[in-house]
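Read the structure below first, then the notes.
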Amino acid sequence: LGNTVQLVDMLNEAENKTGATIQTITFSMNQFAASAKLANMSIKEQIALSATLIEKGEEQGKAGRAIKMMLARLASNRSDNNELLKKHGVLVVDEMGNMKGLTEIMGELKTNTDAQGRSWDQLTAVEKQHIAIGVAGSHHYVRFLKLMDGYNRNIQIQETLTGSAGSAMKEYQTFLKSAAFELQV
């Protein structure tokens, strides 16, 4: 029950503070939730990634499938994408051999540097696209670029969700006092 209430609070807060709805976020998450669990990603991270892509104009299904593809490609090291990331100071797995979450990988890509001492923001558009295709594939690379562009928003959403306890119940209590509820009764 506690987990359910916490999830409802986070989804409610995300709907209140982002351009995504509970329906679009959950639809997106349904596309990649199993993969995210294997990558040790929290529900909060999954909600934030979905909301970030939806705010950037992505349709809910495509957003979810893109994240699923990114996680699958990172886990399988398809096309030596992990070596590509390693050149930019990013390791896909931690010291215990567990896959890192997508936000953590993106954060390292954003801050770590390559052999020339350049972080993500200092790379050329062509270099960014090359990395994005390695991580997300040719069908979803634009969505990875959107996630990287929205990295700070993703973190902001996650921080907002941290303080979401009780938000759904407060909203429900307000609704119970509204004229709309009185009309329904």
Query raised in the report: Under unit Cβ charges (Lys, Arg +1; Asp, Glu -1), what dipole magnitude, rounded to 20 debye, does the range 2-72 have relative to its Cα centre?
Result: 260
Query raised in the report: With every protein chain present, what is the per residue accessible area of the chain (1.4 Å probe, Å²)?
Result: 54
**Report entry** In nm, spacing of pseudo-spin labels at Ser42 and His130 (7 Å Cα→C-beta vector)
**Finding:** 3.5
Query raised in the report: What GluC sites (Glu not before Pro) in the range 87-147 are in a loop by DSSP, with at most 12 other Cβ atoms within 10 Å of the Cβ?
Result: Glu95
**Report entry** the chain, relative contact order in percent, only Cα pairs under 8 angstrom and at least six apart counted
**Finding:** 27
Requested in this report: Grab the range 1-157 and count how many Lys pairs have their alpha-carbon atoms under 16 Å apart, sequence gap of 8 or more, or different chains.
Outcome: 18
Query raised in the report: With labels modelled as points extended 7 Å from the Cα through the Cβ direction, what inter-label distance (nm, one decimal) is found for Ala34 paired with Val8?
Result: 2.7
Report summary line: Measuring from its Cα centre, the range 48-174 shows a charge dipole (+1 at each Lys and Arg Cβ, -1 at each Asp and Glu Cβ) which, in debye to the nearest 20, is 320
Query - For the chain, fraction of C-alpha pairs farther apart than 29 Å, in % - result: 26
Query raised in the report: Protein chains only, probe 1.4 Å: how do Glu182, Glu13 rank by accessible area, largest first?
Result: Glu182, Glu13
Query raised in the report: Measuring from label point to label point, each 7 Å out along Cα→Cβ, what is the Asn77 to Glu171 span in nm?
Result: 4.3
Query raised in the report: Which of Thr103, Thr111, Thr26 moves the most in a Gaussian network model of the chain with Cα springs under 10 Å?
Result: Thr111
Report task. Counting helices only, and only those DSSP H runs with n ≥ 4, report the 222 nm mean residue ellipticity of the chain as the sum of -39,500 (n - 2.57) divided by its residues, in deg cm²/dmol to the nearest 500. Result -> -21500 deg cm²/dmol
**Report entry** Compactness of the range 74-172 as Cα Rg over 2.2 N^0.38 Å, two decimals
**Finding:** 1.25
Query raised in the report: Sorting Ile25, Ile54 by accessible area (1.4 Å probe), largest first, what list results?
Result: Ile54, Ile25
Query raised in the report: Which semi-axis lengths, in whole Å and largest first, follow from the square roots of five times the eigenvalues of the Cα gyration tensor of the range 36-109?
Result: 22, 13, 11
**Report entry** Share of carbon and sulfur in the accessible heavy-atom surface of the range 93-166 [1.4 Å probe, %]
**Finding:** 51
Query raised in the report: Want the number for Leu91 to Asn152: 0.36 nm per residue separation, take away the alpha-carbon distance, what's left?
Result: 19.9 nm
Query - the chain: most fluctuating residue of Ser35, Ser50, Ser76 per GNM, C-alpha cutoff 10 Å - result: Ser76
**Report entry** Solvent-accessible area of Asp149 with every protein chain in place, 1.4 Å probe, in Å² to the nearest 10
**Finding:** 110
Query raised in the report: Extension gain Leu1-Asn16, at 0.36 nm per residue separation less the Cα-Cα distance, in nm?
Result: 3.2 nm
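The values are calculated or read from the model by the stated rules, or taken from the named source; none is laboratory data. In this text the structure is predicted, and so the values were computed from the model without any measurement. For neighbour counting, all protein chains shown are included, and Cβ atoms are generated from backbone atoms with ideal geometry for every residue, glycine included. We work out accessible area using only protein heavy atoms, side chains counted, and drop any ligands, DNA or RNA first. Shrake-Rupley method; radii C 1.70, N 1.55, O 1.52, S 1.80 Å.
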